[in-house]
1. For the chain, take the longest principal axis of its alpha carbons; what is the angle in degrees between that and the long axis of helix 223-236, to the nearest 10 within 0 to 90?
2. If you average 1/r over every pair of different alpha-carbon atoms in the range 198-356 and take one over that average, what Kirkwood value in Å do you get?
3. What percent of all Cα-Cα pairs in the range 17-59 falls in each 5 Å bin, counting up from 0?
4. Using 1/(1 + (r/R0)^6) with R0 = 41 angstrom and r between the beta carbons of residue 362 and residue 222, what's the FRET efficiency to the nearest 0.05?
5. Given only helices, namely DSSP H runs of n ≥ 4 each adding -39500 (n - 2.57), what is the per-residue ellipticity at 222 nm of the chain, to the nearest 500 deg cm²/dmol?
6. Between residue 489 and residue 174, what's the calculated FRET efficiency when r is the beta-carbon distance and R0 is 35 Å? Round to 0.05.
7. Would you mind ranking 151, 113 by Cβ crowding within 10 Å, fewest neighbours first?
8. Would you mind telling me the antiparallel percentage of the DSSP bridges in the chain, rounded to 5?
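All of the numbers you see were taken from the coordinates with simple rules; none came from a lab. Computed from a predicted model, the values in this text were never measured in an experiment. Cβ atoms come from the backbone with ideal geometry, glycine included; neighbour counts cover every protein chain shown.
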Ligand code: MN
């Protein structure tokens, strides 16, 4: 994955010529200080690049067009230090194709009580300058994030960081491709979707590839490469005796390594950000890829099983958003419930494909039969997810729009060991409780596949959905089922109307 500090947010300050050149010099100096503080903030993972103070329409339009054309630029931060009559922003903002964050701040934290005069007031008037800009953005119906507070406030910097992580994922979707091996699982509805509309709205391209082309690369792996990869497995995991070199089933681990080498080679040859496969189409592969998928996910690839390209895209987006953060992101499926006396829990897992970035400890590398697919027993990593607050998110195709659904949860340790469960798993308590959360999820048509991530919050996904112009529904501790059901009805109406004729 691309390091986020190779990407840029441009810091654009609005003003006008009314105040004279000396004032504009001070505005420029203040902007430089703020941009440098954000650039240096540990909460903001991208570079923040200062742009010259904007004082007329032509310069604003040119900057927005430059931002559109600059590959490294993922969006703009705008701030009106003084008053910047907003008609001059119309052409620029209408031309801007990248996300923007309106930072409503001011240079000084506090009012200098003893010395404040009208010169100071005229220099430091973001409190109303930003409202003029806000009107124009609202009048143009532009999606944007508004962040309010002093620029040195850690909470403000954190919020800017959240938005910029979402903008990085937006850019990743706009420049990435998803490879599909095989089709969707037959007869399944929720994994279907309009791939043309997805490319138009969400940005990524989705294309199918023959499993035979993958098999060719898998079979081309050399013994030396396989030896080296098996060594790596022995270092990284607790490998069961039967899979270790000389063990009864060592050949199965070598098959797993061969699949990983081929899959990796295939994905690295293209601009692929994510991939899907299906147990119904494995012609020429010895096993359903388990370990290989788990390790590729750990390296940043999105993944969706059974042809689920939308969840593959969500896993990737959340991996980009949480780059450099420790919690991890995985493909996941709501599997089984525990209606317990201390609260109801969800046991999430999949047949094999859970990402070890969410593991609580060193994963076990094991082999067990798989009851579907009709192939050899697949090798897989087995572990429990570490505890902590997380979100489970999906994107569905409602026919007239894409809908993101976000569930806020707390991952908890399993109450007891699960010695006979041969897959990696997570247990979580959904907020506010399972009854409300699952009812809301089902009313919203959320999928059984999700992306489970620890450092991504609803704020990331709300920003992200706004950038793509899609719906975003959040189920959290404040959710009331009746109000949520009403929100679904209103959203239907809104999204029909917002599309126009
Ligand atoms: Mn599944």
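1. That helix lies at roughly 70 degrees to the long axis.
2. On the way: mean 1/r = 0.0586 Å⁻¹.
Evaluated on the range 198-356, it is 17.1 Å.
3. Computed distribution, short to long bins: 5, 22, 22, 19, 15, 9, 6, 1.
4. Numbers: r = 28 Å, r/R0 = 0.69.
With R0 = 41 Å, the Cβ-Cβ based efficiency is 0.90.
5. So the calculated ellipticity at 222 nm is -12000 deg cm²/dmol.
6. The pair residue 489/residue 174 has a calculated efficiency of 0.65.
7. 113, 151
8. DSSP beta bridges in the chain are roughly 50 percent antiparallel.
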